[in-house]
Amino acid sequence: MLYHFEPDRQGHDYGPNSNEVRKVLLRLDNELAHLLKRVKKELNDDLNIIILSDHGMEETKQLIQPFLVGYIDKSAVEDNILDGPLFSVTPRLGYFKQVFDNLTRIPHVTVYKRDEFPERYHYAKAIHRIGEIIVMPNNVNTFFSQKTVVANVSKGNHGYDNKLPSMQAIFMARGPDFQQHIEIDSLKNVDVYHIGCKILNLKPNPYATAGSLNNLTHIFRKRTNKCSQLFIDMSVVLFVLFLDFAF
């Protein structure tokens with residue numbers, strides 16, 4: 001497995017549409033071309049290659065600091081505060097209604113009780129990580145900070161609604177176990193585990209129930225000889241912008 005941390009870092013520091021991201025994408029494009037050339041020369045293309053990513057990237061345009069602005073007071077909440085693309089707090093005993101109502105005063109956000117948060121995010125059961133109240137921005141490009149002094153925020157971020165095109169990842173595969181020249185609508189990242197098991201001829205862990213191959217059987221082709229396997233895992237901005245700039 002190969003992992004590349006770029007262009008995630010450049011995307012955070014300079015924004016996904018920056019010249020810095022473009023430069024690193026061109027470099028990564030050349031590196032990938034070199035890899036594919038060597039695979040063809042040394043292994044006669046007898047290698048399954050999967051290129052994937054785990055998240056997208058959006059420009060950050062608005063910073064919200066609920067404690068600094070005075071929407072709520074830190075003395076009213078527990079210490080397990082989550083900030084970033086979402087804002088989550090657990091009110092101290094007797095402060096729930098006050099904290100909840102005050103957070104609804106923030107413009108252009110939706111405030112949820114944890115057990116009422118949309119099920120598709122799979123957040124409600126993560127009680128050890130997620131507070132009892134969750135604040136979600138109605139507009140992408142928003143970032144929350146729990147700091148009580150003016151904070152700096154990176155120019156690009158991820159972790160927003162995974163239905164947004166800018167948050168969706170990419171999956172590309174080639175090799176003797178994959179069909180050629182086909183496109184699929186979408187897949188879940190948890191499906192990649194089952195794809196790996198399939199091409200490696202491994203039996204999936206019975207407890208790995210989050211993903212499946214139910215909608216992916218048509219991407220495989222039968223073969224008689226075995227080949228090596230290679231997974232290339234890069235940060236998502238590479239793949240979102242790879243298509244924009246490299247091809």
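The values are calculated or read from the model by the stated rules, or taken from the named source; none is laboratory data. Since we're looking at a predicted model, the values are computed, not measured. All Cβ positions, glycine included, derive from the backbone under ideal geometry; neighbour counts span all protein chains shown.
Filter region 93-117 down to the residues that are part of a loop (DSSP other than H, G, I, E, B) and of a type outside the set (Ser, Thr, Tyr) and list them by number.
Leu93, Gly94, Arg105, Ile106, Pro107, His108, Phe117
One residue is enough: does region 28-40 have a residue meeting the conditions in a loop (DSSP other than H, G, I, E, B) and either at pLDDT below 95 or over 30 Å from Ala126 (Cα atoms) (or both)?
No; the residues of region 28-40 include none that is in a loop (DSSP other than H, G, I, E, B) and either at pLDDT below 95 or over 30 Å from Ala126 (Cα atoms) (or both).
Could you check region 72-108 and list, in sequence order, the residues that are farther than 11 Å from Glu132 by Cβ and either in contact (Cβ under 8 Å) with a residue 60 or more places away in the chain or hydroxyl-bearing (Ser, Thr, Tyr) (or both)?
Residues satisfying the conditions are Lys74, Ser75, Ile81, Asp83, Gly84, Pro85, Leu86, Thr104.
Does region 15-24 contain at least one residue that is surrounded by 15 or more Cβ atoms within 10 Å (Cβ to Cβ), touching a Ser or Thr at 6+ places or on another chain (Cβ under 9 Å) and either outside the structural domain of Ile195 (by TED's automatic domain parsing) or within 30 Å of Phe178 (Cβ to Cβ) (or both)?
Scanning region 15-24, I find at least one residue that is surrounded by 15 or more Cβ atoms within 10 Å (Cβ to Cβ), touching a Ser or Thr at 6+ places or on another chain (Cβ under 9 Å) and either outside the structural domain of Ile195 (by TED's automatic domain parsing) or within 30 Å of Phe178 (Cβ to Cβ) (or both), so the answer is yes.
Of the residues that make up region 134-142, is at least one at pLDDT below 90, over 19 Å from the mean Cα position of the chain (by Cα) and in a loop (DSSP other than H, G, I, E, B)?
Taking every residue of region 134-142 in turn, none turns out to be at pLDDT below 90, over 19 Å from the mean Cα position of the chain (by Cα) and in a loop (DSSP other than H, G, I, E, B).
Kindly provide the set of residues from region 167-199 that are under 18 Å from the mean Cα position of the chain (by Cα), closer than 29 Å to Ser18 by Cα and crowded, with 18+ Cβ neighbours inside 10 Å, ordered by number.
Passing the criteria: Met167, Ala169, Phe171, Leu187.
Restricting to region 41-90, name every residue that is closer than 23 Å to Ile127 by Cβ, aliphatic (A, V, I, L, M) and in a loop (DSSP other than H, G, I, E, B).
Answer for region 41-90, where residues must be closer than 23 Å to Ile127 by Cβ, aliphatic (A, V, I, L, M) and in a loop (DSSP other than H, G, I, E, B): Ile72, Ile81, Leu86.
Can you tell me which residue is nearest to the chain's Cα centre (by Cα) among those in region 143-162 that are in a loop (DSSP other than H, G, I, E, B) and small (Gly, Ala, Ser)?
Top of the filtered list is Gly159.
Scan region 110-151 for residues that are free of Cβ contacts under 8 Å to residues at least 40 places away in the same chain, within 22 Å of Ala76 (Cα to Cα) and in contact with a strand residue (DSSP E or B) (Cβ under 8 Å, 6 or more places away or on another chain) and jot them down.
Within region 110-151, Thr110, Val111, Tyr112, Lys113, Arg114, Phe117 qualify.
Go through (1) in a helix (DSSP H, G or I); (2) of a type in the set (Lys, Arg); (3) more than 19 Å from His158 (Cβ to Cβ) and name the single condition Arg120 misses.
Just one mismatch for Arg120, condition (3).
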